[in-house]
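Structure first, then comments.
The values are calculated or read from the model by the stated rules, or taken from the named source; none is laboratory data. In this text, all values refer to a predicted model and were calculated from it rather than measured experimentally. Cβ placement follows ideal geometry from the backbone for every residue including glycine, while neighbour counts extend to all protein chains displayed.
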Amino acid sequence: MSVKTQISKKEISSFFEVQKLECSSDGHSDSVYFLDDKYILKLFEKASEKSIKEEMNLLEMIRSLSVPRVKTELFYLKEKPALIYTKQKGQSPQKPTLKQVEQIALFLKCFHGFTKGKTNRNEKLFDKQRVWTLVKNSKDTRLIEAYESLEIDLKNDGIIHGDIFLDNVVFKEDVLSGVFDFIDACEGDFILELAVVAFSWNLDEKGLNVLLSTYGANIDSKEFKKYIKYALICYCSFRAAVKRDYEDIIIGL
């Protein structure tokens, strides 16, 4: 059980009628509960009201896609901001198939179609200056050398999810049934979004080709691998900043 804030069925019943309350082991930052196996209750341990409202607005903008619906207004439970979402059925894959790679590429193509040119008030997590500061603060010579050796120009295309790891998607067999956890969505580069998927899904050359061709990305494999390297540097520095181990991903550099 990974929840940080313990609640009872009686406490949540003041805001939402529920028969069954079950703790989730998902999530590194927030306390997550399943309600009657139909809804998700999330208590935000660190996110600000501003970020939560940005997520609510974004989910409304893309509500026609396979994303959660917000079922309540923002409320407070044990002094923590909270929301209830619809629960998306399916399983997170351990080793994604090429069909699943194709599905996430199609999702991102549609998602970016909605968010192109749109603004977001969240911090730009992948901004080069921000990442460089985190890299220097890590004092990890591997990260510092990797950053200094990389030449890359990032665009501000619109709003990206930025964290589409396998535990933030679910499939029914090979059909994408849900993408969630948009709390850190921010303005960024759409190709970098694809690069986060590429490294976190551990895609081989065939998988990379399917991802890029299905999305319709106008970039060759050699150039795309620069984005993958930058995405790896970003996530290593993010984890270093919160004293979380990143040895499992730095090997990709």
Query raised in the report: Has the stretch 103-117 got any residue that is surrounded by fewer than 14 Cβ atoms within 10 Å (Cβ to Cβ) and more than 24 Å from Ser177 (Cβ to Cβ)?
Result: yes
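So that you can scan it fast, the table gives a plain yes or no per residue for (1) modelled with pLDDT of 95 or more; (2) basic (Lys, Arg); (3) part of a helix (DSSP H, G or I):
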{"position": "Ala105", "(1), (2), (3)": "yes, no, yes"}
{"position": "Lys109", "(1), (2), (3)": "yes, yes, yes"}
{"position": "Phe114", "(1), (2), (3)": "yes, no, yes"}
{"position": "Lys118", "(1), (2), (3)": "yes, yes, no"}
{"position": "Asn122", "(1), (2), (3)": "yes, no, no"}
{"position": "Leu143", "(1), (2), (3)": "yes, no, yes"}
{"position": "Glu151", "(1), (2), (3)": "yes, no, no"}
{"position": "Leu192", "(1), (2), (3)": "yes, no, yes"}
{"position": "Val196", "(1), (2), (3)": "yes, no, yes"}
Requested in this report: Take the residues in the stretch 124-141 that are of a type in the set (Lys, Arg) and part of a loop (DSSP other than H, G, I, E, B), then tell me which one is farthest from Leu192 (Cα to Cα).
Outcome: Lys139
Query raised in the report: strands (runs of 3 or more DSSP E) wholly in the stretch 1-102 with at least 3 residues that are under 21 Å from Asp163 (Cα atoms) - which ones?
Result: 31-35, 39-43, 80-86
Query raised in the report: Of the residues that make up the stretch 130-145, is at least one of a type in the set (Asp, Glu), in contact (Cβ under 8 Å) with a residue 40 or more places away in the chain, buried (at least 20 other Cβ atoms within 10 Å of the Cβ) and on the phi < 0 side of the Ramachandran plot?
Result: no
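For every residue, the table says whether it meets (1) free of Cβ contacts under 8 Å to residues at least 12 places away in the same chain; (2) out of contact with any strand residue (DSSP E or B) (no Cβ under 8 Å at 6 or more places or on another chain); (3) aliphatic (A, V, I, L, M).
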site	(1), (2), (3)
Leu21	no, no, yes
Ser25	no, yes, no
Val32	no, no, yes
Asp37	no, no, no
Leu41	no, no, yes
